[in-house]
């Protein structure tokens, strides 16, 4: 364990797998106590055990953040348990791809509920705690990191609604960054390229085949590559803010 985040508390959503799981581990390795939020309790418990085995402190909070009441309760549970909240990583997301023509509108609503509404609910609930941490905390700064996507920078075939949700995350993040800048609550957005996680597995075989045809054939990122980026963002000196970080596989065009 290192101590660059000693005395701080982080909350990571979508922590049961992939980027969220790796991010929680990275932040704990740097000394943060970590609250991990997702719907799958068994995976959260395994993650907490892993962090505690390495000498860290963690708390599993099963919740569906697309439900505002559950999102608000998750933030309050973390703050009550650890006594504060210094870092929020909004990572939870759903990627259901395909054509707009003939699409299932229920899938659109599910993505909007998690990718946008869930992020908004978590952010709204966490902001008072983050503002307090920036004024009273050991670092005199707090961090909000929103995980977006290359699809929030460039629209691509079969990604229309997913891309819409991520463009929204980017716009929201930049506006909030400007709003909170003078209070030393840093707001940053991280946009990964293709990452080896289970995110794409929720799609049909036809869509997955199309993704591989267009974005296959090169070494994709690991979840820990993105976790390393998040850790970089939140461990900058107080006077340095990373507003946007774009992490791509070297060979991705």
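When the stretch 1-15 is examined, which residues are found to be buried (at least 24 other Cβ atoms within 10 Å of the Cβ) and on the phi < 0 side of the Ramachandran plot? Walk me through how you get there before you give the answer.
The initial filter retains those residues of the stretch 1-15 that are buried (at least 24 other Cβ atoms within 10 Å of the Cβ), namely 5, 8-15.
Correct list: 5, 8, 9, 10, 11, 12, 13, 15.
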Taking residue 131 as meeting all but one of (1) assigned to a loop (DSSP other than H, G, I, E, B); (2) modelled with pLDDT of 95 or more; (3) surrounded by fewer than 17 Cβ atoms within 10 Å (Cβ to Cβ), write down the number of the exception.
(1)
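So which of 60, 32 is touching a residue at least 24 places away in the same chain (Cβ under 8 Å), in contact with a strand residue (DSSP E or B) (Cβ under 8 Å, 6 or more places away or on another chain) and under 22 Å from residue 235 (Cβ atoms)?
Values: 60 fails: under 22 Å from residue 235 (Cβ atoms).
Going through 60, 32 in turn, just one is touching a residue at least 24 places away in the same chain (Cβ under 8 Å), in contact with a strand residue (DSSP E or B) (Cβ under 8 Å, 6 or more places away or on another chain) and under 22 Å from residue 235 (Cβ atoms): 32.
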Step by step: first the residues of the stretch 97-118, then only those that are in contact (Cβ under 8 Å) with a residue 60 or more places away in the chain and buried (at least 23 other Cβ atoms within 10 Å of the Cβ), then the one that is nearest to residue 12 (Cα to Cα). Which residue is that?
118
Among the residues of the stretch 28-58, how many are in a helix (DSSP H, G or I), closer than 15 Å to residue 82 by Cα and within 18 Å of the chain's Cα centre (by Cα)?
2
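What's the total number of residues in the stretch 165-176 that are out of contact with any helix residue (DSSP H, G or I) (no Cβ under 8 Å at 6 or more places or on another chain) and crowded, with 18+ Cβ neighbours inside 10 Å? Let's see the steps before the verdict.
The initial filter retains those residues of the stretch 165-176 that are out of contact with any helix residue (DSSP H, G or I) (no Cβ under 8 Å at 6 or more places or on another chain), namely 171, 173-175.
Adding the requirement that they be crowded, with 18+ Cβ neighbours inside 10 Å leaves 173.
Number of matching residues: 1.
State the number of residues belonging to the stretch 1-13 that are more than 15 Å from residue 133 (Cβ to Cβ) and either touching a strand residue (DSSP E or B) at 6+ places or on another chain (Cβ under 6 Å) or free of Cβ contacts under 8 Å to residues at least 60 places away in the same chain (or both). Show your work before the answer.
Restricting attention to the stretch 1-13, the residues satisfying the condition of being more than 15 Å from residue 133 (Cβ to Cβ) are 1-4, 12-13.
Then keep just the ones that are either touching a strand residue (DSSP E or B) at 6+ places or on another chain (Cβ under 6 Å) or free of Cβ contacts under 8 Å to residues at least 60 places away in the same chain (or both); that gives 1-3, 12-13.
The number of residues fulfilling the criteria is 5.
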If we scan the stretch 151-163, do we find a residue that is surrounded by 21 or more Cβ atoms within 10 Å (Cβ to Cβ) and touching a strand residue (DSSP E or B) at 6+ places or on another chain (Cβ under 8 Å)?
yes
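The values are calculated or read from the model by the stated rules, or taken from the named source; none is laboratory data. The structure displayed is predicted, hence computed values, not measured ones. Ideal geometry is used to build each Cβ from the backbone, glycine not excepted, and the neighbour counts take in all protein chains shown.
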